[in-house]
Every structure is written in C-alpha cells, then in structure tokens.
1. If R0 is 41 Å, what FRET efficiency do you get for R108 and I34 from their C-beta distance, rounded to 0.05?
2. Using a/c under 1.5 as the rounded threshold, could you call region 60-111 rounded, prolate or oblate? The axes a ≥ b ≥ c are square roots of the C-alpha gyration tensor eigenvalues, and prolate needs a/b larger than b/c, oblate otherwise.
3. In debye to the nearest 20, how big a dipole does region 70-153 give about its Cα centre with +1 on each Lys and Arg Cβ and -1 on each Asp and Glu Cβ?
4. Would you mind ranking M65, M1 so that the residue whose beta carbon has the fewest other beta carbons within 10 Å leads the list?
5. Evaluate the distance, in nm, between pseudo-label points positioned 7 Å from the Cα of K135 and of T8 along their respective Cα→Cβ axes.
6. At 0.36 nm per residue, minus the direct Cα-Cα distance, what do R95 and N149 gain on full extension? Give it in nm, one decimal, please.
7. Where the eigenvalues come from the Cα gyration tensor of region 70-153, what are the semi-axes √(5λ) of the equivalent ellipsoid, largest first, in whole Å?
Amino acid sequence: MIRYFLYTLCFICIAPLVNGQSKTGIHSGGDILIALTEEDRGGQVHLDVDSLLVANYYKFVASNMKVSGIPGYRIRIYSESGLGAREEQQRVRARFLSLYPGIDAYNRYDEPFFKVYIGDCRTKSEALILYDEVKENFSNPIIVEDYINETSAD
C-alpha cells in the first residue's frame, strides 16, 4: 500500500515538470528573434525591437551561415601581386606539397594578392611547431588566424 502511495506521489510531482518543457520556440530550431517578438506570449515578456537591429541580426546570421570550419590557425608562406604571381603561387604550393606531403596547402586570392596558406592548426602552439618546421624552407612565413577544416583538425 505504501509503495502505491509513493508511486502516485512521484507521478503527481513529476507530471507538471514534464509538461513544462515547450516543444515550440527557440529550442526546436525556430528563430529566437521571432519567438521574442511574438504578440501572444501567454503572459510572458514582450520585446519591441528596432528595425535596424533586426536587419543587423539577420545580416549576422547570414554571415555566420557562410562560414565553414572552426576557428584556428594557418601559416601563410606566400603573398605576392603583379605579373607572374599566380604562376609563382602554384609553384610554391607544389614545392610545399612535395616537401610536406601530409600537410594541406591552400591557394587563395585576396585582391590583389595571390597567397598560399598551409596547415589546419587548432591552437597557436600547433601553429608554432609547424612554423618552426617550414621557416627553413620558406622565407617569411606568418601565422594567421583563419577558419580551418574540422575533419583535418581532429
């Protein structure tokens, strides 16, 4: 009899807690801004937001959706502009890949510079180790913050 009483008491105490978790709104993948500015919030706080803030919020969300990878470090081993810079970029990348076959190299064009970046380092200490390895073969390498590939960084 006491066992049934305890089961019933537990059920009565836990049932309201289970129902308290909303299945709609921001936790189910909805837009937090829409959830906060809805008119009928059932007695909850209503938020009035300036239109410029809303526009900047959506710009920020869109720019974050374009970013691929995770924050990390790479080393820039080449950056030049002018005639023949693109061909030299290809030669530097090929030379690096022949010297270090296990490390990825990336070509990038940031107008007007052709650049070569190497590595996918999660920490600056990893980048410093790679920097020490390549500084003998490539003049003036520079450690830069970049978004790195997640699969290569594991």
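Read-outs throughout are calculated quantities, based only on the coordinates presented, and are distinct from any laboratory measurement. Computed from a predicted model, the values in this text were never measured in an experiment. Note: ideal-geometry Cβ built from the backbone for every residue, glycine included; neighbour counts use all protein chains shown.
1. The formula returns an efficiency of 0.65 here.
2. Verdict is oblate for region 60-111.
3. 120 debye
4. If I rank by nearby Cβ atoms, fewest first, I get M1, M65.
5. Each label point lies 7 Å from its Cα, and together they span 7.8 nm.
6. 17.3 nm
7. 20, 14, 11
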